[in-house]
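The values are calculated or read from the model by the stated rules, or taken from the named source; none is laboratory data. Just so we're clear, the structure is a prediction, and the values are computed from it rather than from any experiment. Cβ atoms come from the backbone with ideal geometry, glycine included; neighbour counts cover every protein chain shown.
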Amino acid sequence: MNPILTDIYSTVIPSAPFIIAAYAIVWVVLLVYVVMVVRGLKKTEAQMALLEEAIAKKSRD
Amino acid sequence: MAQRKVNVPEAGQWPDKLAVPALAAGAALTTAGFLMAFLFAAPVNGAALDAPELVGGVMVSHQQLLSQKIFYFHMPVAIVSFIALAFGAYYGVRFLTTREQRFDTCSRVAMEIALLFVVFTMITGDLWTRFEWGVWWTWEPRLTTYLILMLIVIAYFVMRNAVDDPERRATYASVISVIALVDVPICFMITRLIPSSVHPVITREGGMAPDMAATVVVIMLGMMLVGYGLYRLRFREARLAERVQALKEQMED
């Protein structure tokens, strides 16, 4: 390969793992956080529905 | 102290409906920005070459720095962390003045989002530092002040877990959220206040080219929407959990 082209791209390949890691970590952590919050939200909504049902039943009795 | 009008915390206000659209728009914009960073924004020049070379019809006279692409996520997440900290402190002050639990929850959730984005800033910055400077860490002024900021945010959550009394916990937490905000302008301005700082500064490097600026704006908007969407989603969960707890206590009575 042309030595000047080698020089131009000399930092490109060595830096690739760091760039991939930076973007991947941000995306993966965001995704995991969203999944955790949505799961927690669904669980709390289910608890809420059960409680409302129990309160309605209690007020009827 | 003002008497609370409702014992059961409210949950499910209309802004909660914006959470999913904000997250979707944020994901779309950050993805578009990611593509722009690699396909639209020109590479940044590094060291000068011995002789220029024609590459793809363009005369190249410097090394091409791919590592600079980390900046397109690094700077927006740092700005979003500052915004989240500002909201955390704002709601902290609202709690201190009103003693309404809702504001403590707002502050806690904003601080949680701030911690997430502070960690993103540290990770993306550290990966760049490792490649460009050859070290994982250096006691450079920007890095040091940002580390202090991260430690304050971590201390905020450690304190929350350590204090049992809700009123005291919320009061201490509000004060810490304000202290964290005090570090934000120090962090932001430190590279200007200490010119010997080796951390790159856009204005010092000659500003951003239009293609760079457009990419940063798209990702910045995307990250802000992601931050807002996460905040609303997490806030809804936290308020619902408080409501469930209050209803359980009401049933027990």
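Criterion first (surrounded by 22 or more Cβ atoms within 10 Å (Cβ to Cβ), within 14 Å of chain A (Cβ to nearest Cβ), small (Gly, Ala, Ser) and closer than 26 Å to A:Thr44 by Cβ) does B:Gly227 satisfy it?
Yes, satisfied.
Could you list all residues from region B:113-136 that are among the aromatic types (Phe, Trp, Tyr) and part of a helix (DSSP H, G or I)?
Answer for region B:113-136, where residues must be among the aromatic types (Phe, Trp, Tyr) and part of a helix (DSSP H, G or I): B:Phe117, B:Phe120, B:Trp128, B:Phe131, B:Trp133.
Looking only at residues that are touching a residue at least 12 places away in the same chain (Cβ under 8 Å) and of a type outside the set (A, V, I, L, M, F, W, C) in region B:122-135, which one is surrounded by the fewest Cβ atoms within 10 Å (Cβ to Cβ)?
The residue in question is B:Glu132.
Return the only residue of A:Ala16, A:Ala22 being facing chain B (nearest Cβ under 9 Å), assigned to a helix (DSSP H, G or I), at pLDDT below 95 and closer than 26 Å to B:Leu225 by Cβ.
A:Ala22
Residue check: is B:Arg243 more than 24 Å from the chain's Cα centre (by Cα), surrounded by 13 or more Cβ atoms within 10 Å (Cβ to Cβ), assigned to a helix (DSSP H, G or I) and within 14 Å of chain A (Cβ to nearest Cβ)?
yes
Output the number of residues of region B:10-33 satisfying the condition of being modelled with pLDDT of 70 or more, more than 16 Å from B:Gly227 (Cβ to Cβ) and not polar (S, T, N, Q).
4
Is it the case, given these coordinates, that A:Ala56 is in a helix (DSSP H, G or I), of a type in the set (Gly, Ala, Ser) and over 20 Å from the mean Cα position of the chain (by Cα)?
Answer is yes for this residue.
Can you tell me which residue is surrounded by the most Cβ atoms within 10 Å (Cβ to Cβ) among those in region B:29-38 that are closer than 22 Å to B:Phe117 by Cα and not aliphatic (A, V, I, L, M)?
Per the criteria, the residue is B:Thr30.
Being more than 11 Å from B:Leu247 (Cβ to Cβ) and of a type in the set (S, T, N, Q) is the filter; apply it to region A:34-61 and report the residue that is farthest from the other protein chains (Cβ to nearest Cβ).
A:Ser59
Given (1) more than 14 Å from every other protein chain (Cβ to nearest Cβ); (2) in contact with a Pro (Cβ under 9 Å, 6 or more places away or on another chain); (3) touching a residue at least 60 places away in the same chain (Cβ under 8 Å), identify the lone condition not met by B:Val178.
B:Val178 satisfies all of (1) more than 14 Å from every other protein chain (Cβ to nearest Cβ); (2) in contact with a Pro (Cβ under 9 Å, 6 or more places away or on another chain); (3) touching a residue at least 60 places away in the same chain (Cβ under 8 Å) except (2).
Considering region A:21-51 alone, what residues qualify as being surrounded by fewer than 13 Cβ atoms within 10 Å (Cβ to Cβ) and more than 16 Å from the chain's Cα centre (by Cα)?
A:Lys42, A:Ala46, A:Ala49, A:Leu50
Taking region A:1-13 as the search range and keeping residues that are within 7 Å of chain B (Cβ to nearest Cβ) and in a helix (DSSP H, G or I), which one is farthest from B:Phe34 (Cα to Cα)?
Looking at the filtered set, the residue picked out is A:Ile4.
What residue, of B:Ala110, B:Ala155, is surrounded by fewer than 16 Cβ atoms within 10 Å (Cβ to Cβ) and either assigned to a helix (DSSP H, G or I) or within 14 Å of chain A (Cβ to nearest Cβ) (or both)?
Step by step, each of B:Ala110, B:Ala155 is checked, and only B:Ala155 is surrounded by fewer than 16 Cβ atoms within 10 Å (Cβ to Cβ) and either assigned to a helix (DSSP H, G or I) or within 14 Å of chain A (Cβ to nearest Cβ) (or both).
If B:Leu96 meets every condition in (1) out of contact with any Ser or Thr (no Cβ under 8 Å at 6 or more places or on another chain); (2) under 30 Å from B:Lys248 (Cα atoms); (3) crowded, with 16+ Cβ neighbours inside 10 Å apart from one, which number is that one?
Tallying (1) out of contact with any Ser or Thr (no Cβ under 8 Å at 6 or more places or on another chain); (2) under 30 Å from B:Lys248 (Cα atoms); (3) crowded, with 16+ Cβ neighbours inside 10 Å, B:Leu96 fails exactly one: (1).
Considering only region B:39-93, state which residues are among the hydroxyl-bearing types (Ser, Thr, Tyr), surrounded by 19 or more Cβ atoms within 10 Å (Cβ to Cβ) and at pLDDT below 95.
Once the filter is applied, which keeps residues that are among the hydroxyl-bearing types (Ser, Thr, Tyr), surrounded by 19 or more Cβ atoms within 10 Å (Cβ to Cβ) and at pLDDT below 95, region B:39-93 yields B:Ser67, B:Tyr72.
List every residue pair whose Cβ atoms sit under 6 Å apart, with the two residues 6 or more apart in sequence or on different chains, where the first one lies in region B:136-154 and is basic (Lys, Arg) and the second, anywhere, is part of a helix (DSSP H, G or I) and at pLDDT below 95.
Taking only residues 6 or more apart or on different chains, the pairs are B:Arg142/B:Ile190; B:Arg142/B:Thr191.
Being touching a strand residue (DSSP E or B) at 6+ places or on another chain (Cβ under 8 Å) and hydroxyl-bearing (Ser, Thr, Tyr) is the filter here; which residues of region B:45-85 pass it?
Result: B:Ser61, single match.
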